[in-house]
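The values are calculated or read from the model by the stated rules, or taken from the named source; none is laboratory data. The structure displayed is predicted, hence computed values, not measured ones. Glycine gets a Cβ as well: all are built from the backbone with ideal geometry, and neighbour counts include every protein chain shown. Heavy atoms of the whole protein, side chains included, go into the accessibility calculation; ligands, DNA and RNA do not. Shrake-Rupley method; radii C 1.70, N 1.55, O 1.52, S 1.80 Å.
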Amino acid sequence: MLTDPRPTLAKGSELVNGLLGLVGLAGTVRALAGDDPPRESPASADDFVHLLLSVVSLGEAAAGCAGPAADPTPPGPPAPSREPPDGWLR
Amino acid sequence: MTAPSPETVLAMLAELDRVRALLVELVEQHAPQLLPTPPPDSPDAAAAHELLLGLRRAVFGNPAAARGLRDLLVAEGRRYAATPDGARLRDQLAASEAVDNLRRIWETVSLNVLDGPAPPSGVPDAWAELLADAVTAHGLDDAVLARLHPQGFA
């Protein structure tokens with residue numbers, strides 16, 4: 001029976017942190033590539049370049065685990081305004 | 001003769017890993033030039049030095065696992081390079097000066113021990129050769145050799 005959820009939550013956050021780390025590394029590798037378009041006669045890619053590409057691929061897979069971003073605003077009628085009517089304050 | 005229990009097998013595996021770690025430590029003691037001391041009076045450089053040294057120890061201490069991981073990542077990278085986005089990124093990375101610098105850092109840290117042929121056990125030949133050179137050359141006195149080397153000869 002689960003009496004203290006904190007160790008389980010800690011394990012889960014390590015996994016999340018690991019996935020976040022992968023996504024961050026993928027962003028760093030993309031930044032290394034720069035914004036310039038590829039040349040017409042590109043240099044040959046060696047194993048090191050493919051190793052960096054795998055980081056991007058794994059980072060995209062990790063980002064895909066998040067799914068579509070959840071909308072924090074619950075559906076329903078809009079909340080009433082908190083502004084008091086001017087006449088009441090006078 | 002009965003087969004050992006799973007607990008016994010696991011205990012043996014744990015003990016083998018402990019022995020492996022002790023042997024790696026022994027090799028490090030006989031090849032101190034592979035683990036240089038950090039630069040003095042520079043906390044930022046010391047932090048970078050510790051990070052790169054940790055990476056070198058991870059590669060040198062676990063050559064088969066490092067080689068296996070590298071092969072897996074390279075295969076995944078080749079698979080991704082077959083996609084349109086991957087091919088475009090591959091060409092950009094191949095032409096990037098920043099990647100050239102990063103490659104130089106990786107080659108310096110790893111001393112290319114993960115490259116080249118590897119037997120079915122997975123430990124690359126380059127790793128064994130480098131450590132053998134580092135350990136056997138430790139006892140040679142360069143001052144003695146320098147006296148034996150005639151002037152004018154390459």
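One table, with the values for the structure above:
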read-out	value
Residue within segment B:65-77 that is within 11 Å of chain A (Cβ to nearest Cβ), open to solvent by 60 Å² or more (accessible area, probe 1.4 Å) and closer than 21 Å to B:Val24 by Cα present	yes
Tally, over segment B:87-133, of residues that are within 22 Å of B:Arg20 (Cβ to Cβ) and aromatic (Phe, Trp, Tyr)	1
Residue check, B:Thr136 surrounded by fewer than 12 Cβ atoms within 10 Å (Cβ to Cβ), at pLDDT below 85 and among the β-branched types (Val, Ile, Thr)	yes
Per-region count, segment B:40-94, residues more than 30 Å from B:Leu16 (Cβ to Cβ) and modelled with pLDDT of 90 or more	18
Of all residues in segment B:112-127 being more than 12 Å from chain A (Cβ to nearest Cβ) and without any contact (Cβ under 8 Å) to a residue 24 or more places away in the chain, the one that is surrounded by the fewest Cβ atoms within 10 Å (Cβ to Cβ)	B:Pro120
